């Protein structure tokens, strides 16, 4: 499954959580595909440096060693290099592992 960008729908936190819960996620995360998708959108929209993505938040209940054949640092450095090649710099990336959280409605 190719990475997709979503505008999270819903007015309340509960509605937003329901929307996210219904999204297809394909059972794995390929950071390089996610980063390449972001760069594709940036190129298509011809975004200027001030309009670039400043943060990528990754919430996963899987350890980062499990989601990619490369380590997070290797994936992140490849992403930085690709941005720099396009003369843009990603200001910050935050990766946060979390324990699975159940949301009750």
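Values as computed for the structure displayed
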read-out	value
The range 1-15, residues that are at pLDDT 90 or above and within 22 Å of residue 41 (Cβ to Cβ)	9
Filtered residues of the range 1-13 (kept if surrounded by 12 or more Cβ atoms within 10 Å (Cβ to Cβ) and either in contact (Cβ under 8 Å) with a residue 24 or more places away in the chain or closer than 19 Å to residue 75 by Cα (or both))	3
Residues located in the range 16-37, provided they are outside any helix (DSSP H, G or I), buried (at least 16 other Cβ atoms within 10 Å of the Cβ) and at pLDDT 75 or above	30
Single residue of the range 38-59 satisfying the filter (under 22 Å from residue 20 (Cβ atoms) and surrounded by 15 or more Cβ atoms within 10 Å (Cβ to Cβ)) that is modelled with the lowest pLDDT	58
The range 20-36, residues that are in contact (Cβ under 8 Å) with a residue 12 or more places away in the chain and more than 24 Å from residue 76 (Cβ to Cβ)	21, 24
For residue 40: the one exception among (1) in a helix (DSSP H, G or I); (2) without any contact (Cβ under 8 Å) to a residue 12 or more places away in the chain; (3) touching a helix residue (DSSP H, G or I) at 6+ places or on another chain (Cβ under 9 Å)	(3)
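The values are calculated or read from the model by the stated rules, or taken from the named source; none is laboratory data. All figures in this text were calculated on a predicted structure; none of them were measured in a lab. Heads up, the Cβs are rebuilt from the backbone with ideal geometry, glycines too, and the neighbour counts pull from every protein chain shown.
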